[in-house]
Structure formats: C-alpha cells, structure tokens
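Participant: My questions all concern the structure below.
The values are calculated or read from the model by the stated rules, or taken from the named source; none is laboratory data. None of the values given here were measured: they were computed from a predicted structure. Here the Cβ is made from the backbone with ideal geometry for all residues, glycine too, and neighbour counts use every protein chain on show. Note: accessible area is taken over every heavy atom of the protein model, side chains too, but ligands, DNA and RNA are not part of it. Shrake-Rupley method; radii C 1.70, N 1.55, O 1.52, S 1.80 Å.
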Amino acid sequence: MPDVLSAPLVVEFPFTRSLGPVQSAFLTGLRERTVLGVRTGDGKVLVPPVEYDPVTAQEIHDLVEVAATGTVTTWAWNPRPRRDQPLDTPFAWVLVRLDGADTALLHVLDAPGPEAVRTGMRVRVRWAEDRTGAITDIACFEPYDSEPGETAPHDGEFTEPVTGIVTPARLDYTYTPGRAQSAYLEALADRRVVGERCPSCRKVYVPPRGACPTCGVATDERVEVGPRGTVTTYCVVNIKAKNLDIEIPYVYAHIALDGADLALHARIGGIPYDQVRMGLRVEPVWTEGSRHPGHYRPTGEPDADYDVYKELV
C-alpha cells in the first residue's frame, strides 16, 4: 500500500471581463477619486452599483455621487494578512455604508488593533496614489470623525472611461488526493494506468475516486487499463493559453482507455487538428520526468465502432 501523496498546488489565471455603462462609470470614477452609486426605482442608492434592480430586475442607470465618508456596519479583524491583500499589516475587513448610500461596500480599514474598531465608527476613503480604474483605487478606509456627507446626481461621463478589467485569481492550497488517486498517480510514475472496479456494478473508473459514483459503495479492487484508448468526443481549442507552449489550434478529447468505463481528458497530438474524430484509436506519449502522458497520438488502428463507446460519450 503506497503512502498517500500530498503536494502544494496553485491554481492561477487572469479573469478578464468587459464593463457595461454602470460598472464602467463606477471604476472610472474611482480613478478620478469619485464614488458613484446607482438609484433604484424605489429610490435606494446602491454602492457598489449594479446594472439591474435586485428587486424588480429592471435595468437601472441613474448614477449618484456619494460621499467618500461613511459608517462601519460590521467588521472582522485580520491579524495575519496574506499575499496580495490590500495591506501588509494587520487590518479589519469592514462593511462601510458610505454617506448617501443604502448598501454597504466591503473593503479594509487601517487600524492599530481590534480595540480601535467598532460598529458605527466613522471612516473615510484613503485613495491610492496610483489609480487605474479598479476597486484597489481605494487603498483602504481610515478612521475619520465627520458629519454625514451629501449626495449629488452624476452623468457618469469621464475622459477615457475604463471599459474592461483584468483581475488575477489565485488559489494556494495543499492537495491530498487520497488512497485511490495516490495509487493511480504512483502507477502513472511507472507508465501504467490503474483504475478501480465497483463491486456492485462492476464498472472500472479511471481515475479512481475511491467510491462508485453510481452505486455509492467503496471501491478497492485495482484494475490496470489501457494504455490505448478511443476518442469519444473532443473540442478544438483556438485560444492561446498563458504560459502554455502549444500552437493553436489544438484538440482536447475525452478518451476511453481500453477496459475503463469512464473517459479521461487529454490532449491529442501527432495528427492535424481537423483530422481528429470520434472513434479515433490513440495511445499515450509519455513526457520525461512527468507523471502524466504529455499527449495521446493515433495508433494507426481502424476507428472503433460507435456502439463500442457510445455509453461513454
């Protein structure tokens, strides 16, 4: 019985989105040290603004400038800031209802300690020195004694409006695959593919999950499958992925390995993308130093009959 594996895992990608007129005005306003909300049909001012009324679902676009001061409605202390958080010293997460708004904005409060934070305290925006049209243009909130500020209509017009944003998303965690997948990964290191058979329905699952998803019973009978298999379905990728050294277009496919009752996901190489097809017989091409095949390529065998793999499409 191999030891259960464990390793650090990072999932990271840039999230890109375009902006409608309301979100564009809001983020451009932050760049210009102006906080905008939007007024709903019943007169409430929402900050941050949304494009559709959360009650009636009607489109809303009546922009309102609110004050850069407000009141903390609730808070939580963060004693150990993580990488890329707004402040690198301990701070409070706060919901702040800006003067003139009816909803609260989530951000951070720069305070010397939790004893200095309370619900109902007055705060103001501390603007970032370099502003680009993002929520981070508000560097943080800071304590500030003041009277509530005023609101004013705003046309949302700015020079060079922000029309899109790119936000990095990242998850850092330790992944432990468990007993079944640890055995699967250990076998891949020897260039073998091992699944597990359900004692009830007798299906072989690759990669194994430790339990049958159909019957809900534990699986522990190991079965070696493949290494060859059949393309059950596929897609042509036309978008270049960051840091991926593969020329587009290329093909990713579901491949049912011989003896398996679950198709796995892998790239198809060694054949023009427009010649990949359902039923194509393929085999793994192993990459030196990797636990997984680099891709699958055609074996040269005749295509599999559809009836053989139709249940795995």
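Participant: Once the Cα atoms of helix 178-189 and of the chain are each reduced to a long axis, what angle between those two axes, in degrees from 0 to 90 to the nearest 10, is obtained?
Facilitator: 60 degrees
Participant: Enter the angle in degrees (range 0 to 90, nearest 10) between the Cα long axis of helix 21-31 and the first principal axis of the Cα atoms of the chain, meaning the one along which they spread out most.
Facilitator: That works out to roughly 70 degrees.
Participant: Report the antiparallel proportion of the DSSP beta bridges in the chain as a percent, rounded to a multiple of 5.
Facilitator: In the chain, DSSP labels about 95 percent of beta bridges as antiparallel.
Participant: What number, in percent, do you get for the relative contact order of the stretch 171-304 if the mean sequence gap of Cα pairs under 8 Å and at least 6 apart is divided by its residue count?
Facilitator: Answer for the stretch 171-304 is 20 percent.
Participant: Could you give me the ³J(HN,Hα) list for the stretch 305-313, computed from phi with Karplus coefficients 6.51, -1.76, 1.60 and θ = phi - 60°, whole Hz, x at Gly and Pro?
Facilitator: Coupling constants for the stretch 305-313: 5, 4, 4, 6, 10, 4, 6, 10, 6 Hz.
Participant: Could you report the chain's accessible area per residue, 1.4 Å probe, as an integer in Å²?
Facilitator: Ligands and nucleic acids excluded, the result is 57 Å² per residue.
Participant: So which residue, out of Arg267, Arg83, Arg33, gets the largest mean-square fluctuation from a GNM of the chain using Cα contacts under 10 Å as springs?
Facilitator: Ranking Arg267, Arg83, Arg33 by mean-square fluctuation puts Arg83 first.
Participant: Amide H to amide H under 5 Å from Arg228: which residues, 5+ apart in sequence or cross-chain, H placed 1.01 Å off N in plane?
Facilitator: So Arg228 has HN proximity to Asp258.
Participant: Kindly rank 220-227, 158-165 from highest to lowest mean number of other beta carbons found within 10 Å of each residue.
Facilitator: 220-227, 158-165
Participant: For the stretch 6-110, with the dipole built from +1 on Lys and Arg beta-carbon atoms and -1 on Asp and Glu ones, taken about the Cα centre, which of Phe15, Ala76, Ile60 lies farthest toward the positive end?
Facilitator: Highest projection toward the positive end goes to Ala76.
Participant: If we sort 187-200, 250-263, 231-244 on the protection proxy, mean other Cβ atoms within 10 Å, highest first, what's the order?
Facilitator: Going from most to least packed, we get 250-263, 187-200, 231-244.
Participant: In nm, to one decimal, how far is the Thr74 label point from the Lys44 one, both placed 7 Å along Cα→Cβ?
Facilitator: Roughly 1.5 nm, to one decimal.
Participant: Shape of the stretch 171-217 from its Cα gyration tensor (a ≥ b ≥ c, root eigenvalues): rounded if a/c is under 1.5, otherwise prolate when a/b > b/c, or oblate?
Facilitator: Oblate shape, in that a/c is at least 1.5 and b/c is the bigger or equal ratio.
Participant: Does the stretch 107-179 classify as rounded, prolate or oblate by the C-alpha gyration tensor (a ≥ b ≥ c root eigenvalues; a/c under 1.5 gives rounded; else a/b over b/c gives prolate, otherwise oblate)?
Facilitator: Note, shape of the stretch 107-179 comes out oblate.
Participant: Quickly rank 6-15, 203-212, 175-184 as a protection proxy: mean count of other C-beta atoms within 10 Å, highest first.
Facilitator: In descending order of packing, they fall as 203-212, 175-184, 6-15.
Participant: Something else now. Summarise the accessible area of the chain (1.4 Å probe, protein heavy atoms) by the percent that is carbon and sulfur.
Facilitator: For the chain, the apolar C and S fraction of the accessible surface comes to 50 percent.
Participant: Can you give the Kirkwood hydrodynamic radius of the stretch 189-313 from its Cα pairs, in Å with one decimal?
Facilitator: Here the Kirkwood hydrodynamic radius works out to 15.3 Å.
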